[in-house]
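Peer 1: Dumping the structure here so I can ask a few things about it.
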Amino acid sequence: MTSIDRGNCSSGTCIPIPNLAIQFLNISYEVSNGTGQSLVAQQTTNLNLWFNISNSGQNAFAAVLTFLVPKSQLYFIRCDPNLAYLSTIQDYSPALFLCTCQVANPLPGGNYSVIAVRLEPTANIDVTQGVIPLMFNVSSQNPENQTTVQDNSVSVQMNITAASGLSVDPIGIARPEQIILSTTTNTTSVNPLGPSILTTFTVRNAGPSTIPLVQLNIYWPLNSSETGSYYYLVPTSLQALTTTFFTQCDTTYLNLIASSVNATQAPSSSGGGNKRRAASLSTSTAQDINKTIDCQLTPSSCVRMQCNISQLTQSQVQITINAALDLRYYTAENIKLTFIPYVNVSIEGNGANYIVQTSSMKSATANIKVLKRTTASSDSQTGRPAWVGWVIGGICVLLILIIVGLIVVVTVVFIKKRKAMKDKFGDELKWKTVQVTDNHTDSVRQLIPDN
């Protein structure tokens, strides 16, 4: 063991007084295929923090560098250059390790030592914090004057980023994409819920980093002042098609009308329903409907439902919305409605410093059509009343029948005329044959005398 040099102190009580200082130099990052530029979750394999430790006083005996490391974020590997330097690690608290690196014994006055602290990120490093703060302190067995210890410590903050590609498929899938209402639909039945539509949106994480909390906002065409107390599409379920991730979805706007409610009864406002309700729509005064409700262009005309997805790994999750038509609204004779729900995704929680490196699509839409045509309805392409089409079709059929009839008549007349001509020609030919035969017989009789 190296003893403390007491210098020229004859009394034996004089201890050398060092003047240590630590200076942070830089951080270098390592990845599996080379070097990196920052601390990236699930990509950075090791990082090295470089320090310059100097002594401008007398010999510093057993000079050491100490620091605390969060157990959930980093592993302490060693200090370089390794040589004979001693590195130790021990529990400091349930969340922290106390790490030490021996710098020199002694570190002579007027000298310095460059040392690197080598760390490894944990597999489940928490990127929501944005930064990892560390404090490094240098000291020696023989303490220095209190007036010079202010430069013995230095803090380092390492920013954490995530190599994740959070996205949502730009086109949602609606099944079916179009509903054609029957003209015989009874909108005054006990059950006002009509056909259902299942709409699916897919959220993806291209990875490799896990995203701790993803928020999916769904803007849904539920109702507006125009619908009165009725609805466009009533959500009946909102859920994730997976059990891998914990997904919690808003149920405020689910099942706002029960299947047993009387069709002439306005829906209850209980259960957190949309507050934008006017007076009940009268079915006797229902007008034709032809409009598009685009929740992306006019989100104020739609309600917002939310799903939170926790710990989204390098994978995908599908969110489905099952909705039914409120037949009390669809009483008009002519209906052509296009609904365009809209969704977007974002990283929530403490994700303000969570940087998603991969640029990707963050929003999506779907397309849902509802049609209803009656005998008095308008043609969806030309805008003409439907009876006009029926009349035109009838006229076309009549013209075809007339043309076919004329062709049949002309054919019959032609056949009869041809048969008559054939019969006449046959009679003439027969008469001429008989005449020639008679003339020939007379000539023969003149050549042969009678006996």
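The values are calculated or read from the model by the stated rules, or taken from the named source; none is laboratory data. Here the structure is a predicted model, which is why all the values come from computation and not from measurement. Quick note on the areas: whole protein, heavy atoms, side chains included, nothing else; ligands and nucleic acids left out. Shrake-Rupley method; radii C 1.70, N 1.55, O 1.52, S 1.80 Å.
Peer 1: Which percent of the Cα-Cα distances in the range 23-153 go past 23 Å?
Peer 2: Value for the range 23-153: 36 percent of Cα pairs lie more than 23 Å apart.
Peer 1: Name the residues whose placed amide hydrogens come within less than 5 Å of the amide hydrogen of residue 232, ignoring near sequence neighbours (fewer than 5 apart) on the same chain.
Peer 2: 223
Peer 1: Starting from the exponent 0.38 and prefactor 2.2 Å, build the expected Rg for the range 191-232 from its residue count and divide its actual Cα Rg by it.
Peer 2: Rg over 2.2 N^0.38 Å, computed on Cα atoms: 1.86.
Peer 1: Now for a separate question. Pairwise over distinct Cα atoms, reciprocal of the mean inverse distance: report the Kirkwood radius of the range 25-102 in Å, one decimal place.
Peer 2: 14.4 Å
Peer 1: Can I ask one more? With θ set to phi - 60°, apply the Karplus curve 6.51 cos²θ - 1.76 cosθ + 1.60 along the range 16-27 and write out the HN-Hα couplings as whole Hz, x wherever there is a Gly or Pro.
Peer 2: Values per residue, Gly and Pro as x: x, 10, x, 9, 7, 8, 10, 10, 7, 9, 6, 10 Hz.
Peer 1: Let me ask another. Pop out the ³J(HN,Hα) list for the range 397-403 in order, Karplus 6.51 cos²θ - 1.76 cosθ + 1.60 with θ = phi - 60°, rounded to Hz; leave Gly and Pro as x.
Peer 2: 5, 4, 4, 5, 5, 4, 5
Peer 1: Ordering 304, 78 from largest to smallest accessible area (1.4 angstrom probe), what's the sequence?
Peer 2: Greatest to least solvent exposure: 304, 78.
Peer 1: Provide the solvent-accessible area of residue 179, counting protein heavy atoms only and rolling a 1.4 Å probe, rounded to the nearest 10 Å².
Peer 2: 10 Å²
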